[in-house]
Amino acid sequence: MSSVWRNWAGNEEARPRRVVRPGSPDEVAAAVKDAVRDGLRVKPVGSGHSFSGAAVAPDVQLRLDRLDGVSSIDADTGLVTVGAGMELWKLNPLLAARGLALENMGDIDRQTVSGAISTGTHGSGARFGGIATQVRALELVLADGSVATCSPIERPELFAAARVGLGALGVITRVTLQCVPLFALHARDTAMPVAETLERAQEFADTDDHFEFFWFPHSTTTLTRRFTRLPGDAPLRPIGAFARRLDETVSGLGFEGLNRIGTRFPGLVPPIARFAARAMSSREWTDHSYKVFASVRDVRFHEGEFAIPREHAADALRELKRWIDDHDERVSFPLEVRFAAADDIWLSTAQGRATCYIAFHQYHRMPYQRYFRACQDILGGYGGRPHWGKMHDLDAGRLRPRYDRFDDFVALRDAHDPTGVFANPYLDRVLGPAPEASAR
């Protein structure tokens, strides 16, 4: 038996029977064949930053940290092929050195490339999709141990599904990304009354290159974050030392201490949240995109997130606020609200519709179940689709009507992995078990 694996938040763990660290696609294929021979299931794992059980490996855990090389970088076309285990924080400076950048990113960079695309990781920007929309080709090891490549012209159906594949269709070994010329972001953080933010959110989403905001539900103020894209050679004015120290107070060790106090004395949570909201002051800075998009997350928390049609954003947030007030719920972390473009990826949370993402968090030592269930129910009432890498308890029956191509995805999964080689309890819940899984 191997040691216990836990994800970053500590809410998911696995005790795999076998741990394999393959260094090539052929070694991945060999590990899959060995597992099939022994009647075991296989799950790859990246950096463990998912809050859901998507990467939990009961039998064979594939750790892809050795698949972190760069196969090719074409500065002229912007096409970059990397190993599935490449972490975003390592990839970004490599791209910058060649005058390239990812078109868009989420707000952390600890994930592997394959983990980020497989769970539908996204950033903000009404004209920009998630990281999976930047994928131009994939290499996967399938359930029979064969190595397949797919793209818009080669096995296009597999490509359409596998960009957000939840690990259900195979083990991704290489990813080809369409990058863009290196660019900078001018960032403006502005404190704004909640009522004004909700009134103007759609306007900001349309006029800014990237717009998001944070709202501690016990406060009357939001922190709006507006980014403007600039050329890569624009003058830079990075965030200063004082602002970094303030960040440490709001999201680092100072905030950790405040949350520990709130855990012990729940009545102090609302004033702590109001203090944190006031501490998120207005500021401006300019830096290369990857240094602005991603921020440090030192304080551990649980998180859920749902994608709803963007036109319902204000109504949904007001309903969440009413529930929190009516139930005297103590929420120490802010709601995070982002906007993104529609896409055509089968199980993408933005499939077919312009999207507002509403993420809800709670400090990892505090109770979260009642609050998260309410958020799930309220956002589900607006057609909310859960982020595949974050916490929810929906099953296939409740997810099916929220995705136009849900049954197509499951049928493709059943054709490629009928015995559930790549299944685990999470996938059995959200997709239903593979048709011949009981034969294993």
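The values are calculated or read from the model by the stated rules, or taken from the named source; none is laboratory data. Being a predicted model, the structure only gives us computed values, none of them experimental. Heavy atoms of the whole protein, side chains included, go into the accessibility calculation; ligands, DNA and RNA do not. Shrake-Rupley method; radii C 1.70, N 1.55, O 1.52, S 1.80 Å.
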Shape verdict for the stretch 1-114, please, from the Cα gyration tensor: rounded (a/c under 1.5), prolate (a/b greater than b/c) or oblate.
oblate
Nearest 10 degrees is fine. How inclined is helix 313-326 to the longest principal axis of the chain, computing both from alpha carbons?
70 degrees
Accessible carbon and sulfur surface of the stretch 45-111 relative to its total accessible area, %, 1.4 Å
48 percent
Using a Gaussian network model of the chain with C-alpha springs under 10 Å, which one of Ala84, Ala55, Ala31 is most mobile by mean-square fluctuation?
Ala31
Let me have the 222 nm mean residue ellipticity of the chain computed from DSSP H runs of 4+ only, each contributing -39500 (n - 2.57), with the sum over all residues rounded to the nearest 500.
-9000 deg cm²/dmol
Using a ≥ b ≥ c from the Cα gyration tensor of the stretch 265-410 (square roots of the eigenvalues), is it rounded, prolate or oblate, where a/c under 1.5 gives rounded and otherwise the larger of a/b and b/c decides, a/b for prolate?
oblate
Carbon + sulfur, % of accessible area of the stretch 280-393 - ligands and nucleic acids excluded, 1.4 Å
45 percent
Global form of the stretch 296-367, assessed from the alpha-carbon gyration tensor, a/c cut-off 1.5
oblate
Using Cα atoms only, what is the angle between the long axis of helix 269-279 and the major principal axis of the chain, expressed in degrees (0 to 90) to the nearest 10?
80 degrees
Name the most mobile residue of Met86, Met192, Met105, meaning the one with the largest mean-square fluctuation, in a Gaussian network model of the chain with Cα contacts below 10 Å.
Met192
Roughly how tilted is helix 369-380, in degrees to the nearest 10 and between 0 and 90, from the longest Cα axis of the chain?
80 degrees
Percent carbon-and-sulfur accessible area, the stretch 142-187, ignoring ligands, DNA and RNA, probe 1.4 Å:
59 percent
How much accessible area per residue does the chain have, counting only protein heavy atoms and a probe of 1.4 Å, in square angstrom?
39 Å²
Rank Ile117, Ile261, Ile308 by mean-square fluctuation in a GNM of the chain with C-alpha springs under 10 angstrom and give only the top-ranked residue.
Ile261
Listed residue pairs exceeding 29 Å between alpha carbons, taken from Lys90/Lys321; Lys43/Lys291; Lys33/Lys90; Lys291/Lys390; Lys43/Lys390:
Lys90/Lys321; Lys43/Lys291; Lys33/Lys90
Just want to confirm a number: the relative contact order over the chain, from Cα pairs under 8 angstrom separated by 6+ residues, in percent.
17 percent
